[in-house]
Amino acid sequence: MLRRSRILRSFPEINSPQVLEGLRREFERYERALCSNDVKELDELFHQSPETIRYGVSENLYGYEAIKAFRGSRSPPGDRKILRSAVTTYGSDFGDSRHWSPIWNSSAMEAIRLDDNPRHG
């Protein structure tokens, strides 16, 4: 059995203030682009890969091209009121966020830094 101290030393830092702030900024960037239907910005935020997944309210999209096509044909949701958010980072390159709203209940996203910019999906 592993000793507790050995396990904790190998676990990534959770919620580093600098990384946490960066992920919060990326979520705000995503939310602005989503509400204004800035398709170009939204396309930049998703990793360009066939493995990228977007689970929506009434659709599941598999692959960057499917997500891009969906975004190009969708009407903007308009301003959304977010009641509560929970953002967690794991190390310096991965994090997730959960957001609750009276209209769409909850949403979740994961972000990973693949270069100098985080990508969702």
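The values are calculated or read from the model by the stated rules, or taken from the named source; none is laboratory data. Only a predicted model underlies this, so the values are computations on that prediction, with no experimental measurement involved. Every residue, glycine as well, gets a Cβ built from its backbone with ideal geometry; the counts of neighbours run over all protein chains shown.
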Next on the checklist: Taking the condition of being assigned to a loop (DSSP other than H, G, I, E, B) and either loosely packed, with under 12 Cβ neighbours inside 10 Å or free of Cβ contacts under 8 Å to residues at least 40 places away in the same chain (or both), how many residues in segment 44-76 meet it?
Outcome noted: 10
Next on the checklist: Being within 13 Å of the chain's Cα centre (by Cα), assigned to a helix (DSSP H, G or I), of a type outside the set (A, V, I, L, M) and at negative phi is the requirement here; does GLU41 meet it?
Outcome noted: no
Checklist entry - Is there a residue being acidic (Asp, Glu), outside any helix (DSSP H, G or I) and under 28 Å from PHE11 (Cβ atoms) anywhere in segment 84-93? => result yes
Item to check | The one condition in (1) over 15 Å from ARG29 (Cβ atoms); (2) in contact with a Lys or Arg (Cβ under 7 Å, 6 or more places away or on another chain); (3) at pLDDT 90 or above that VAL87 fails to fulfil | outcome: (1)
